[in-house]
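Colleague: Before we start, here is the structure in question, set down as structure tokens.
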Amino acid sequence: MRCKIAIHGSCVSRDFAEFMAWPVSNYQARSSFATKSTTSVDFEESYLMRISSPFQQRMVRWDLIKRSFESRDATVIMVDLIDERFDVYLVGNSTMTRSKAFHDCGILESISGDKIRLERGGDEYIRLFQEGLAVFSEWADAPIILHRANWASTLRTGNGIEVMENIAQIERENVLLQRLYSLAIKTLQPVCIVESPSLLIADPEHKWGLAPFHYIPEYYEEIDRQVISFLNQK
């Protein structure tokens, strides 16, 4: 029986937990670390009702109210940074993650003040990202495992391994992720880092479809091996 884990990150860690049968005590996604250190924002609740998925409603609400993160008795907290792919808005003293659900429901219209869309990787974004990491490290009530996942530059097809079409974007995202993971390691001080660059291959047969962060089954199996190996050493 695998122990409970809490996840702050994206589908790459949630899929790992689901596919490899790890119980999840708490999961927050679609929330940039650049939103963690700022104040909550006033918004019109009715806009959230436009989001059909209760899960996505929760993610948008938690991001806006700056809900703190707890392990809820999990043995470890797993963190990945794939959802730093979303832009961040600065409105007054608050920041918010421009996830697809946030954008599609139009909730930004209900928030008063000048809206500034930050440049991901820019000085202000990096400053807020670092401050958010510091806040999260104070929230963390269990050891942190950093899942150093990146965008896959290749996919597996019936003809073998091929290069993804949007390779230029993938390379840009991975350059930023490399910088962000370095900052996360310094601040969060994870007890373990799990990764598998050689198996970072997109899977067209993935449950959620083809994307640079939907990997082949062997990737999740290798991450599973690494997590178990670490926990067995404790």
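The values are calculated or read from the model by the stated rules, or taken from the named source; none is laboratory data. In this text the structure is predicted, and so the values were computed from the model without any measurement. FYI the Cβ positions are ideal-geometry reconstructions off the backbone, even for glycines, and counts take in every protein chain you see. When the accessible area is computed, the model is the full protein with side chains, heavy atoms only, and any ligands, DNA or RNA have been set aside. Shrake-Rupley method; radii C 1.70, N 1.55, O 1.52, S 1.80 Å.
Colleague: Go through (1) closer than 22 Å to Arg2 by Cβ; (2) open to solvent by 30 Å² or more (accessible area, probe 1.4 Å); (3) at pLDDT 95 or above; (4) not acidic (Asp, Glu) and name the single condition Gln169 misses.
Modeller: It is condition (1) that Gln169 fails.
Colleague: Sort through Gln189, Gln233 and tell me the only one that's within 15 Å of Ile77 (Cα to Cα) and loosely packed, with under 13 Cβ neighbours inside 10 Å.
Modeller: Gln189 is the lone residue from the list that is within 15 Å of Ile77 (Cα to Cα) and loosely packed, with under 13 Cβ neighbours inside 10 Å.
Each row is one residue, and each column tells you yes or no for (1) open to solvent by 40 Å² or more (accessible area, probe 1.4 Å); (2) more than 16 Å from the chain's Cα centre (by Cα); (3) free of Cβ contacts under 8 Å to residues at least 60 places away in the same chain.
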site	(1), (2), (3)
Ile111	no, yes, no
Trp139	yes, yes, no
Trp151	no, no, no
Leu180	no, no, no
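Colleague: Sticking with this structure for a sec: For Met1, only one of the following conditions fails: (1) at pLDDT 95 or above; (2) surrounded by fewer than 18 Cβ atoms within 10 Å (Cβ to Cβ); (3) of a type outside the set (D, E, K, R). What is its number?
Modeller: Here Met1 meets the rest and fails (1).
Colleague: Tell me which residues, restricted to region 64-82, are open to solvent by 10 Å² or more (accessible area, probe 1.4 Å) and outside any loop (DSSP other than H, G, I, E, B).
Modeller: Hit for region 64-82 is Ile65, nothing else.
Colleague: Then there's this: Mind checking whether some residue in region 10-29 is open to solvent by 40 Å² or more (accessible area, probe 1.4 Å), of a type outside the set (Gly, Ala, Ser), touching a Pro at 6+ places or on another chain (Cβ under 8 Å) and within 25 Å of Tyr219 (Cα to Cα)?
Modeller: yes
Colleague: The conditions are (1) farther than 19 Å from Asp83 by Cβ; (2) open to solvent by less than 20 Å² (accessible area, probe 1.4 Å), and Asp42 fails exactly one of them. Which is it?
Modeller: With (1) farther than 19 Å from Asp83 by Cβ; (2) open to solvent by less than 20 Å² (accessible area, probe 1.4 Å) applied to Asp42, the lone miss is (2).
Colleague: Pull out all pairs, ordered by first then second residue, where Cβ-Cβ is under 9 Å, the residues are six or more apart or on different chains, the first lies in region 164-175 and is without any contact (Cβ under 8 Å) to a residue 60 or more places away in the chain, and the second is assigned to a helix (DSSP H, G or I).
Modeller: Correct list of pairs: Met164/Ile170.
Colleague: For region 203-211, state whether one or more residues are surrounded by fewer than 18 Cβ atoms within 10 Å (Cβ to Cβ), out of contact with any strand residue (DSSP E or B) (no Cβ under 9 Å at 6 or more places or on another chain), free of Cβ contacts under 8 Å to residues at least 40 places away in the same chain and assigned to a helix (DSSP H, G or I).
Modeller: No, there is no match, as no residue in region 203-211 is surrounded by fewer than 18 Cβ atoms within 10 Å (Cβ to Cβ), out of contact with any strand residue (DSSP E or B) (no Cβ under 9 Å at 6 or more places or on another chain), free of Cβ contacts under 8 Å to residues at least 40 places away in the same chain and assigned to a helix (DSSP H, G or I).
Colleague: Pairs, please: C-beta under 6 Å, at least 6 apart or cross-chain, first residue in contact (Cβ under 8 Å) with a residue 24 or more places away in the chain and in region 44-59, second assigned to a helix (DSSP H, G or I) and of a type in the set (Ser, Thr, Tyr)?
Modeller: Going by the 6 Å Cβ cut-off, the qualifying pairs are Glu44/Ser110; Tyr47/Ser110.
Colleague: Please give the number of the condition Arg61 fails out of (1) over 16 Å from Ser10 (Cα atoms); (2) in a loop (DSSP other than H, G, I, E, B).
Modeller: Going through the list (1) over 16 Å from Ser10 (Cα atoms); (2) in a loop (DSSP other than H, G, I, E, B), Arg61 breaks only (2).
Colleague: Do we have Arg148 as within 27 Å of Thr97 (Cα to Cα) and among the basic types (Lys, Arg) here?
Modeller: Yes, satisfied.
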